[in-house]
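Report on the structure given below.
The values are calculated or read from the model by the stated rules, or taken from the named source; none is laboratory data. All values derive from a computational prediction rather than experimental measurement. Neighbour counts run over all protein chains shown; Cβ positions are idealised from the backbone, glycine included. Note: areas computed on protein heavy atoms with side chains; ligands, DNA, RNA excluded. Shrake-Rupley method; radii C 1.70, N 1.55, O 1.52, S 1.80 Å.
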Amino acid sequence: MIDATMARRDIETMLMLGKALDPVSPDALNILRDIEQFADLDSYTEQDVREEIIAPILRVLGYRKESMFSVEREITLHFAEKRLKPDYSLTLWEEHFWIVEAKRPSVTRGQFGYSQLRQALEYAVHPEINAALLVLCDGHAIEVFDREYRLDEPILRVEQPNLVRDFDQLRALLSPFQAWFFQKRRVVRMIDKVLDREFNIERIKEFEQLVSRRILGKEQRAIENMRALPRSDYDLCYFDSLDSVTLIETHLPLVNSWPKLEAITNNLIKQISQNQFRIIYQIFSDSPRVLTDAYIINSLYLLMRLEERGLSLNWTPSWLKINNEVDQGSGAVKKLIRLALTSFAEAPDWQVTLLHATAIRRLAKILVTVSPDGGQAARRTHLLQRFFGEELCFSQQVSSPTRHSLYLLDNMVRAACHRFLASHRDENGRVRVESARQELRLTWQCEIQLLEAIPNYPTLMRERDFGEMHPTESANVRYDCLGHGALCVIDRFPRWKNFVLETLRPELDTLVELGSWQARQWLGISLDEAPVAADSICAGRFFFGDENTVQKLAALYKSF
C-alpha cells in the first residue's frame, strides 16, 4: 500500500512539475539533420562551434534574444580579481537558468575532462547565474551535468550522429519550460535534502508556515506576471480549427467567455456560408436535441451575428418561424428571443428538455459534492492539463481540480440528455411531452429526497467551494438563467435590445422578478427596488405549476 501511494505521488509530481513535449517542427528537424552531416569537425574553431552548432540548437530549443526565453552571450562575471565570460547563459524571464560552454573539437573530440568541466562549474556557481545545469559542447557531443546531483559523469550525453534521434532527451532538460520546471524540482530536492536531517518536529511545522507565507506572498506577483505576458491566442486558434460537429456538440452547450464565443461564432459563420442547410439543421433541428441554457444563448448570438452581417437564411425549422415574416433570418432571431425570454413556453418539447438539463445539473452537483471520491477524477484531469496543456493559454491559467469538477457536470448533463431524449421519442422522432414531463417530475422528487438526506447541504456546498460562476442551485428554481443570459447577448446588439424594450416589456418585467440584473439595468431598477417573483410565477415557468416543488427546493438550497 505504501509503495502504491508513493508511486502515485511520484506520478503526480511528474505531471505537476514536468511538461509534455510538442513535436519538433519539420524546419527544426532539417536544421538538426544539417548539423548531423558536418564531416570535418576537427577543423572547426571554438567560434565555429558556437556559430554553426550551438546557436542553431539554441534557436531550435526555443531561445531568442528579446524574447521571454533569451540568450545572453559572454556576460561578465566577477570572481575576486578575475573577470570571466561564459559563452552562453540562457535566461527565462530575465533569470539565468543554465549555461553552455563551447569547446574546440580538435582538442576534446567529444571527451570532456576536469579542466573543461571546472571552467563551466565556475560560471554556474556564480551568484548571478546559480545554475544547476551546465552544458559542454564541442560539436562531436553535447554533455549535460547537474552540479547538485553528480559531476563524475553527465546526466545526458548526445553525440553528433544521433542528434535527431536523441534531441527530445535534450529538449526534456533544456527547452525553456522544461528548464523552468527543472528549477521547481530543484527547489523540492533542496527541501528534501534539508528536512531529511531535521530532528525537531516543531521546526518542521514552523518551516511549513514560513514557506506557506512566502508562497502566498507570490500570488499577487503571479497575477502581475500574467498580465505582463504577451497574450496567447492558443485557445482561440484552437476553435478556428474545429469542424462544425465538434463546435455544435461540444462547445455550444457550454458557458464560454466572450472571446471564445466570438471565435466559435466566426468559425460557424464561415462554415455556414459554405453549407448553410446542413449546419443550420444541426443547430436548430426539427425536434429537440441535446440542450442546455447556454446552447440556446450561444445559438441566439450566432443568429444575431448572421443577421448583422447580412447573411440570409434559406431554411429554418417550423418552431423557429414567424408567420408573414419575409426575412427568415430576422424572423428566427425574433422567435428565439421570445422563446428564450419566456422559458420556451410556446415550445413544450424544447422546454421540457431544457428543464431536464438544469435539473440534472443540480443533481450531478449534489453527487459530486457529497461523493468522497468526487474530486479524484477531476484532480487527475487537472494534472493531465498541467502536463499536456499549452503553458501560456487561458485554459492552463485557470485550470484547477474544482474547475474540472465543473466540467464533469457538463459531461454528466450531456449524457443524461441523450438518454432522456432517446427514452421519450416516438417512432417519428418527436418528443412525447407528457411522458418526458412525468420523468422530470420524478427527477425533482429524487432531488428533494437527496437534499433532505444531506444535513445542511448549502453549508457543505460552501465548504467544498467549487468557485462556480454558473448559478446551478438557483437556475430554473427561482432564477431564470436562460432569460438573463439571452438579455446579456442581446445587449450587444442595439437593434435587438430596442426590439425587446418595445415589444416584450412584460417579459422583461418578469425577468426582473426572476433575478436578472441585466433586466434591472435596462429598466433602471436598483437591487433594493426589484420585486421578487411569487411562488406561482416560478412554478408556472419552471415546474408545470407545482408550487410545492418550488418551495421545497428553494428551502433546501436556502441562500442559493
Note to self: Condition (residue is touching an Asp or Glu at 6+ places or on another chain (Cβ under 9 Å) and either at positive phi or charged (D, E, K, R) (or both)) applied to segment 431-439: is it met by at least one residue?
What the structure shows: yes
Check: F493 versus (1) aromatic (F, W, Y); (2) over 21 Å from L354 (Cβ atoms); (3) at pLDDT below 95: which is the lone unmet condition?
Finding: (3)
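For I322, state whether it is assigned to a loop (DSSP other than H, G, I, E, B), closer than 30 Å to M304 by Cβ and open to solvent by 10 Å² or more (accessible area, probe 1.4 Å).
Values: assigned to a loop (DSSP other than H, G, I, E, B): yes; closer than 30 Å to M304 by Cβ: yes; open to solvent by 10 Å² or more (accessible area, probe 1.4 Å): yes.
The answer is yes for I322.
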Next item on the list: Would you check which residues across segment 96-111 are surrounded by fewer than 22 Cβ atoms within 10 Å (Cβ to Cβ) and under 11 Å from D42 (Cα atoms) and list them?
Entry: R104, S106, V107, T108, R109, G110
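May I ask you to verify whether W93 is within 29 Å of R227 (Cα to Cα), in contact with a helix residue (DSSP H, G or I) (Cβ under 9 Å, 6 or more places away or on another chain), of a type outside the set (D, E) and open to solvent by 80 Å² or more (accessible area, probe 1.4 Å)? Reasoning before the result, please.
Working: within 29 Å of R227 (Cα to Cα): yes; in contact with a helix residue (DSSP H, G or I) (Cβ under 9 Å, 6 or more places away or on another chain): yes; of a type outside the set (D, E): yes; open to solvent by 80 Å² or more (accessible area, probe 1.4 Å): yes.
It is true that W93 is within 29 Å of R227 (Cα to Cα), in contact with a helix residue (DSSP H, G or I) (Cβ under 9 Å, 6 or more places away or on another chain), of a type outside the set (D, E) and open to solvent by 80 Å² or more (accessible area, probe 1.4 Å).
Among the residues that make up segment 517-527, is at least one of them of a type in the set (K, R), surrounded by 12 or more Cβ atoms within 10 Å (Cβ to Cβ) and part of a loop (DSSP other than H, G, I, E, B)? Steps first, answer last, please.
We begin by selecting, within segment 517-527, every residue of a type in the set (K, R); these are 520.
Filter once more, so that each one left must be surrounded by 12 or more Cβ atoms within 10 Å (Cβ to Cβ): 520.
Subsequent filtering for residues that are part of a loop (DSSP other than H, G, I, E, B) retains none.
Scanning segment 517-527, I find no residue that is of a type in the set (K, R), surrounded by 12 or more Cβ atoms within 10 Å (Cβ to Cβ) and part of a loop (DSSP other than H, G, I, E, B), so the answer is no.
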Check: Any idea how many residues of segment 272-293 are crowded, with 16+ Cβ neighbours inside 10 Å and more than 15 Å from H356 (Cβ to Cβ)?
Finding: 7
Note to self: Restricting to segment 294-319, count the residues that are open to solvent by 30 Å² or more (accessible area, probe 1.4 Å) and either more than 30 Å from A415 (Cβ to Cβ) or touching a helix residue (DSSP H, G or I) at 6+ places or on another chain (Cβ under 6 Å) (or both).
What the structure shows: 9
Next item on the list: Collect the residues in segment 113-124 that are open to solvent by 10 Å² or more (accessible area, probe 1.4 Å) and either touching a helix residue (DSSP H, G or I) at 6+ places or on another chain (Cβ under 9 Å) or among the small types (G, A, S) (or both), keeping them in residue-number order.
Entry: G113, S115, Q116
Next item on the list: Look at Q116 and say whether it is at pLDDT below 90, closer than 24 Å to E36 by Cβ and either outside any helix (DSSP H, G or I) or touching a strand residue (DSSP E or B) at 6+ places or on another chain (Cβ under 7 Å) (or both).
Entry: yes
Check: Only one of these conditions is not met by K335: (1) within 33 Å of the chain's Cα centre (by Cα); (2) crowded, with 16+ Cβ neighbours inside 10 Å. Which number is it?
Finding: (1)
Next item on the list: Could you please find all residues in segment 338-361 being small (G, A, S) and open to solvent by less than 20 Å² (accessible area, probe 1.4 Å)?
Entry: A340, S343, A347, A357, A359
Notebook entry, point to check: For A364, all conditions in the list (1) assigned to a loop (DSSP other than H, G, I, E, B); (2) open to solvent by less than 10 Å² (accessible area, probe 1.4 Å); (3) under 25 Å from S257 (Cβ atoms) hold save one; what is the number of the exception?
Noted result: (1)
Notebook entry, point to check: What pairs come up if the first residue lies in segment 190-215 and is closer than 24 Å to E148 by Cα, the second is surrounded by 10 or more Cβ atoms within 10 Å (Cβ to Cβ) and aliphatic (A, V, I, L, M), and their beta carbons are under 6 Å apart, counting only those six or more places apart or on different chains?
Noted result: E198/I204
Next item on the list: Would you mind finding the one in L210, L195, L247, L174 that is open to solvent by 40 Å² or more (accessible area, probe 1.4 Å), in contact with a Phe, Trp or Tyr (Cβ under 9 Å, 6 or more places away or on another chain), on the phi < 0 side of the Ramachandran plot and not aromatic (F, W, Y)?
Entry: L195
Note to self: Taking the conditions exactly as written (of a type outside the set (D, E), touching a residue at least 12 places away in the same chain (Cβ under 8 Å), in contact with a His (Cβ under 8 Å, 6 or more places away or on another chain) and open to solvent by less than 20 Å² (accessible area, probe 1.4 Å)), does I264 satisfy them or not?
What the structure shows: yes
Next item on the list: Working carefully through the options F466, F499, find the one that is assigned to a helix (DSSP H, G or I), open to solvent by 10 Å² or more (accessible area, probe 1.4 Å) and either within 14 Å of K334 (Cα to Cα) or not charged (D, E, K, R) (or both).
Entry: F499
Next item on the list: Would you point out which residue out of S299, S287, S273 is in contact (Cβ under 8 Å) with a residue 24 or more places away in the chain and over 30 Å from A345 (Cβ atoms)?
Entry: S273
Margin query: So, in segment 137-171, exactly how many residues are open to solvent by 60 Å² or more (accessible area, probe 1.4 Å), in contact (Cβ under 8 Å) with a residue 40 or more places away in the chain and part of a helix (DSSP H, G or I)?
Written below: 2
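Can we say E529 is over 24 Å from L450 (Cα atoms) and either modelled with pLDDT under 95 or not aromatic (F, W, Y) (or both)? Reasoning before the result, please.
Details: over 24 Å from L450 (Cα atoms): yes; either modelled with pLDDT under 95 or not aromatic (F, W, Y) (or both): yes.
In short, yes.
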Item checked: Residues of segment 325-344 satisfying the condition of being within 20 Å of L421 (Cβ to Cβ) and part of a loop (DSSP other than H, G, I, E, B) -> S343, F344
Check: In segment 21-63, which residues are open to solvent by 60 Å² or more (accessible area, probe 1.4 Å) and closer than 21 Å to H96 by Cβ?
Finding: R59
Checklist line | Residue identified as free of Cβ contacts under 8 Å to residues at least 24 places away in the same chain, on the phi > 0 side of the Ramachandran plot and not acidic (D, E) among N411, N456, N476, N428 | finding: N456
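Within segment 373-457, which helices (runs of 4 or more DSSP H) (wholly inside it) include 3 or more residues that are of a type in the set (V, I, T), open to solvent by less than 30 Å² (accessible area, probe 1.4 Å) and over 25 Å from E249 (Cα atoms)?
Details: elements: 376-388, 394-397, 401-423, 433-452.
Of the helices (runs of 4 or more DSSP H) lying wholly inside segment 373-457, none has at least 3 residues that are of a type in the set (V, I, T), open to solvent by less than 30 Å² (accessible area, probe 1.4 Å) and over 25 Å from E249 (Cα atoms).
Would you kindly identify the helices (runs of 4 or more DSSP H) lying entirely within segment 1-111 that contain at least 1 residues that are under 22 Å from A141 (Cβ atoms)? Lay out the reasoning, then the answer.
Details: elements: 2-16, 26-36, 55-61, 105-108.
It comes to 26-36, 55-61, 105-108.
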Notebook entry, point to check: Name the pairs: first residue in segment 107-125 and more than 14 Å from D87 (Cα to Cα), second residue in a helix (DSSP H, G or I) and open to solvent by less than 50 Å² (accessible area, probe 1.4 Å), Cβ to Cβ under 7 Å, at least 6 apart or on different chains?
Noted result: T108/Q116
